[in-house]
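Notes to accompany the following structure.
What follows is calculated from the coordinates using simple rules that are stated; it is not laboratory data. If you're wondering where the values come from, they're calculated on a predicted model, not measured in any experiment. Positions of Cβ are backbone-derived with ideal geometry, glycine not excepted, and every protein chain shown enters the neighbour counts.
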Amino acid sequence: MAETGEGDGTRERPWKLKTPSLQADFTAWREEAADPPALVVQVGKTELRYHLRCLDDLSAMLKGAGDWVPLGSADELAPGNYVDPAPRPVPLWGERAHRAYLNAIECFAPFAALVIVAHLAGKANGMTAIWAMSFFWLRVLHCVVYWFGVPFVRTVVFTLGYVAVAGIFWEVVK
């Protein structure tokens, strides 16, 4: 910063800087006499103070890492880097709703693939439309039945949904 010739990093002659977008000016200076020593950054009337030793620690860390430290979402979201400070219990209906959602996503792929194949192959007709509507409404019913925890009805509705997928398959191959 001092190489730019604009200030020497003191309160009387602060470094004059611009934000990365170059749309705002701000100043910064070292305040060694403060307790604890601080780097002061002022934007308009707002003054931010950072522990000056952080700069020394950062400099030592960068030198030790060869001036490069990988950062970003891959590092921040790595397993173990985030722990929910207050895990909350999920009610049973919430767990069932989540499982119904995951099941719906798993069942959608073969359905979507067959509908696209039927369309591209020119095999889409009234019967494929009936099977597709049946699949949709059976999946809605499956989610509701799953949510309310009705086990045997859920299995029947799930199976009927796959019968609808098989019906679309049959229309494609016949």
>> Sequence gap at least 6, Cα distance under 8 Å: using those rules, report the relative contact order of the chain to the nearest whole percent.
In response: 13
>> Give me the percent relative contact order of region 7-67, please, defined on Cα pairs under 8 angstrom at least 6 residues apart.
In response: 20
> Build a GNM of the chain with springs between Cα atoms under 10 Å: which of L160, L114, L17 gets the top mean-square fluctuation?
Replying inline: L17
>> Projecting each Cα onto the charge dipole of the chain (Lys/Arg +1, Asp/Glu -1 at the beta carbon, about the Cα centre), which of W170, G44, P89 comes out farthest on the positive side?
In response: W170
> Given (1) 51, 48, 26; (2) 84, 43, 36; (3) 74, 48, 36 as candidate values of Cα extents along the principal axes in Å, which corresponds to the one derived from the coordinates?
Replying inline: (2)
> Straight-line reach from K45: which lysines have a Cα under 30 Å away, not including same-chain ones fewer than 8 places off?
Replying inline: K16, K18
> Picking from V43, V145, V115, which is most flexible by a Gaussian network model of the chain using Cα springs under 10 Å?
Replying inline: V43
>> Compute, for the chain, the length of the dipole vector about the Cα centre, with Cβ point charges of +1 (Lys, Arg) and -1 (Asp, Glu) only. Units Debye, rounded to 20.
In response: 1180
> Which value, in debye to the nearest 20, gives the size of the charge dipole of region 92-173 about its Cα centre, when Lys and Arg are +1 and Asp and Glu are -1 at the Cβ?
Replying inline: 100
